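Note sheet for the following structure.
The values are calculated or read from the model by the stated rules, or taken from the named source; none is laboratory data. Remember, it's a predicted structure, so these values are computed and weren't measured experimentally. Cβ atoms come from the backbone with ideal geometry, glycine included; neighbour counts cover every protein chain shown. Remember, those area values only see protein heavy atoms, side chains included, never the ligands or the DNA or RNA. Shrake-Rupley method; radii C 1.70, N 1.55, O 1.52, S 1.80 Å.
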Amino acid sequence: MSRITHHLKITGMTCGGCSSRLKSVLTSTSGIFDAEISHQNNSGIIIADSKIETQTIIAVVESAGFGVLD
């Protein structure tokens, strides 16, 4: 199974609790193996199956109540 790393600029996080919650949501999603989320840098590094498209990950982030910048 091939993996790919996605780098995202995430908006709407205000504290460590936000980043922890988002990491939990992402890593509970099928095909996502790991996520490093930083509310201080408004960023996320997500390691996922290569079959998972970036747009799918963005949809997960948005469904958790956060935004993603291009």
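Observations on the structure shown:
- Verdict on G17 being over 12 Å from the mean Cα position of the chain (by Cα) and open to solvent by less than 50 Å² (accessible area, probe 1.4 Å): yes
- Segment 25-48, residues that are outside any strand (DSSP E or B), within 15 Å of H7 (Cβ to Cβ) and open to solvent by 60 Å² or more (accessible area, probe 1.4 Å): N41, N42
- Look at segment 1-27: where a residue is over 19 Å from I47 (Cβ atoms) and a partner is loosely packed, with under 15 Cβ neighbours inside 10 Å and among the aliphatic types (A, V, I, L, M), sitting 6+ places away or on another chain with Cβ atoms under 7 Å, you get T11/L69.
- Within segment 61-70, tally of residues that are touching a helix residue (DSSP H, G or I) at 6+ places or on another chain (Cβ under 9 Å), on the phi < 0 side of the Ramachandran plot and open to solvent by 50 Å² or more (accessible area, probe 1.4 Å): 1
- Subset tally (residues that are open to solvent by less than 40 Å² (accessible area, probe 1.4 Å) and among the aliphatic types (A, V, I, L, M)) for segment 1-14: 3
- Any hit, segment 49-60, residues being in a loop (DSSP other than H, G, I, E, B), among the basic types (K, R), open to solvent by 20 Å² or more (accessible area, probe 1.4 Å) and on the phi < 0 side of the Ramachandran plot: yes
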